[in-house]
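The values are calculated or read from the model by the stated rules, or taken from the named source; none is laboratory data. Computed from a prediction, not measured in an experiment: that's the story for all the values here. Because the Cβ atoms are built from the backbone with ideal geometry, glycine has one as well, and the counts that use them run over all protein chains shown. For the accessible areas, the whole protein counts, side chains as well, though only heavy atoms, and no ligand, DNA or RNA atoms are used. Shrake-Rupley method; radii C 1.70, N 1.55, O 1.52, S 1.80 Å.
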Amino acid sequence: MKRLLYCISAASVMLLCSCENEMEYHPVSSGDEIILNALLDASQTGHDVMVGLSHIGWVGEAPGSSLECSVNGRRVPVFRADSTSWPNADSYARASRYNMCVFHFDSALKEGDEVRLEASCGGRKASASVVVPAPAIMKGVDTLSSQYSMGFRVNMTDVSPDEDFYSLEISVDREIALKDSLGNEVASFAASTYCTMDTSDDIILSDGNIAASENTDLFDLNTPNTYGAFQDLEFNGSNVTLKPKIAMYYIGQYIDFWYYLTKLGEDREKVSLGEVSSRLVVKLSHLSRRHYYYLKALNSLNGGDAGLALEDVSIPDNVEGGIGFVGVSNPVRSSFDLPEMTFDVSEWDYPDWGYPGYYYE
């Protein structure tokens with residue numbers, strides 16, 4: 001584990017969104033070290049890896065960089081992504097803001113697979129290897145809605161009697177179809193919104209008083225558990241019911257149709273209707289110990305504690321010959337369809353405060 005000093009400011013803050021491998025990384029170092037970063041999801045077949053070069057206080061691109069990937073010793077094809085070749089152009093645009101090169105590879109991953117990544121740039125090499133953990137075990141999910149929040153009962157079983165680590169995420173995935181006046185589809189888009197959970201009761205996202213237990217590995221009591229990360233100290237080898245909550249705002253979120261219309265060019269004149277199909281997704285992931293403490297460190301940095309600006313923060317680092325972190329999770333999901341909605345977008349009324357869109361509930 002390397003000890004890196006981070007200067008926390010509006011311009012340099014660790015960021016981990018719903019797409020986990022998008023991370024702004026600003027280590028203060030001697031410079032010119034390869035940064036290798038990826039948080040792989042074993043339930044997906046497409047994986048993204050970010051590569052950059054460290055400088056004093058900032059991250060720069062790694063011109064001429066390359067990446068090799070192997071799974072169980074077998075080489076996997078890798079391509080360097082750009083705004084046209086990356087499957088998710090919006091995510092590529094966000095990654096580009098961080099001055100990181102993005103590489104993509106496709107491979108189905110299962111428990112026990114060893115994934116090795118090796119980045120090269122300017123004669124330097126940096127590498128990391130991770131082993132896919134067993135999948136999480138989720139028995140079922142129930143929901144309860146109120147006027148302002150939606151509560152969940154996530155029933156899970158601990159993977160083993162050994163030490164295990166997890167994270168819980170809730171998101172809303174949407175399919176947005178733009179159609180003409182006859183109902184013919186002009187274009188469609190996919191969007192996902194990460195729902196910040198209310199985890200104020202305790203670290204394992206329950207409504208009890210476990211946060212007071214000496215057996216609970218607490219995050220900072222003043223810092224919300226942004227990534228829903230927890231370990232099995234209180235339920236080792238048995239079952240537990242997690243009880244997180246999210247604000248109803250996420251269910252009835254603002255839909256920015258103008259954003260999607262601007263992507264259509266002249267075809268946007270054909271659009272009259274917007275149809276939105278939404279699905280609520282609960283994702284429970286089994287993590288490695290190091291992955292858990294990586295999320296814990298990010299959580300402390302993102303918590304906004306002013307005292308962190310002058311303190312050393314220990315960031316788990318498993319990259320040889322460079323800096324950064326490569327992790328892999330093995331999640332399971334449960335999903336619920338939300339009511340479909342149709343909106344008339346044929347006539348726009350441009351408000352003074354911005355571009356038009358709709359809230360729906």
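Among the residues making up region 107-147, a single one is modelled with pLDDT of 95 or more, assigned to a strand (DSSP E or B), open to solvent by 20 Å² or more (accessible area, probe 1.4 Å) and among the small types (G, A, S): S129. The C-beta contact set for region 252-269 (first residue farther than 12 Å from L178 by Cα, second residue of a type in the set (A, V, I, L, M), distance under 7 angstrom, 6+ apart or interchain) comprises Q253/V172; I255/V276. Pairing each residue of region 99-112 that is on the phi > 0 side of the Ramachandran plot with any residue that is assigned to a loop (DSSP other than H, G, I, E, B) and open to solvent by less than 20 Å² (accessible area, probe 1.4 Å), provided the two are 6+ apart or on different chains, yields C-beta distances under 8 Å for G112/V132.
In the set S272, S277, S288, which member is modelled with pLDDT of 90 or more and surrounded by 20 or more Cβ atoms within 10 Å (Cβ to Cβ)? Don't jump to the end; show me each part of the working.
Numbers: S272 fails: surrounded by 20 or more Cβ atoms within 10 Å (Cβ to Cβ); S277 fails: surrounded by 20 or more Cβ atoms within 10 Å (Cβ to Cβ).
Answer to the selection: S288.
Taking L53 and the conditions (1) at pLDDT 50 or above; (2) under 20 Å from L295 (Cβ atoms); (3) out of contact with any Pro (no Cβ under 7 Å at 6 or more places or on another chain); (4) buried (at least 17 other Cβ atoms within 10 Å of the Cβ), which numbered condition does it fall short on, given that it satisfies the others? All conditions are met except number (2).
Being at pLDDT below 85, under 23 Å from N184 (Cβ atoms) and in a loop (DSSP other than H, G, I, E, B) holds for only one residue in P356, P351, and it is P356.
Among the residues of region 261-303, which ones are hydroxyl-bearing (S, T, Y) and assigned to a helix (DSSP H, G or I)? Working first, answer last.
Restricting attention to region 261-303, the residues satisfying the condition of being hydroxyl-bearing (S, T, Y) are 262, 272, 277-278, 285, 288, 292-294, 300.
Hits for region 261-303 are T262, Y292, Y293, Y294, S300.
Scanning region 153-187 for residues that are open to solvent by 30 Å² or more (accessible area, probe 1.4 Å), under 29 Å from T143 (Cα atoms) and not in a loop (DSSP other than H, G, I, E, B) yields R153, N155, D173, E175.
Would you be able to say whether some residue in region 165-185 is of a type in the set (D, E, K, R) and in contact with a helix residue (DSSP H, G or I) (Cβ under 7 Å, 6 or more places away or on another chain)?
Within region 165-185, the first condition is being of a type in the set (D, E, K, R), and the residues that meet it are 169, 173-175, 179-180, 185.
Subsequent filtering for residues that are in contact with a helix residue (DSSP H, G or I) (Cβ under 7 Å, 6 or more places away or on another chain) retains 180.
For region 165-185, residues of a type in the set (D, E, K, R) and in contact with a helix residue (DSSP H, G or I) (Cβ under 7 Å, 6 or more places away or on another chain): present.
Name the one entry in L182, L117, L178, L168 that is free of Cβ contacts under 8 Å to residues at least 40 places away in the same chain and not acidic (D, E).
On the way: L117 fails: free of Cβ contacts under 8 Å to residues at least 40 places away in the same chain; L178 fails: free of Cβ contacts under 8 Å to residues at least 40 places away in the same chain; L168 fails: free of Cβ contacts under 8 Å to residues at least 40 places away in the same chain.
On inspection, the qualifying residue turns out to be L182.
For the criterion of being modelled with pLDDT of 85 or more, open to solvent by 70 Å² or more (accessible area, probe 1.4 Å) and on the phi < 0 side of the Ramachandran plot, R80 passes. Put simply, of F219, F165 the only residue that is aromatic (F, W, Y), within 27 Å of G327 (Cα to Cα) and modelled with pLDDT under 80 is F219.
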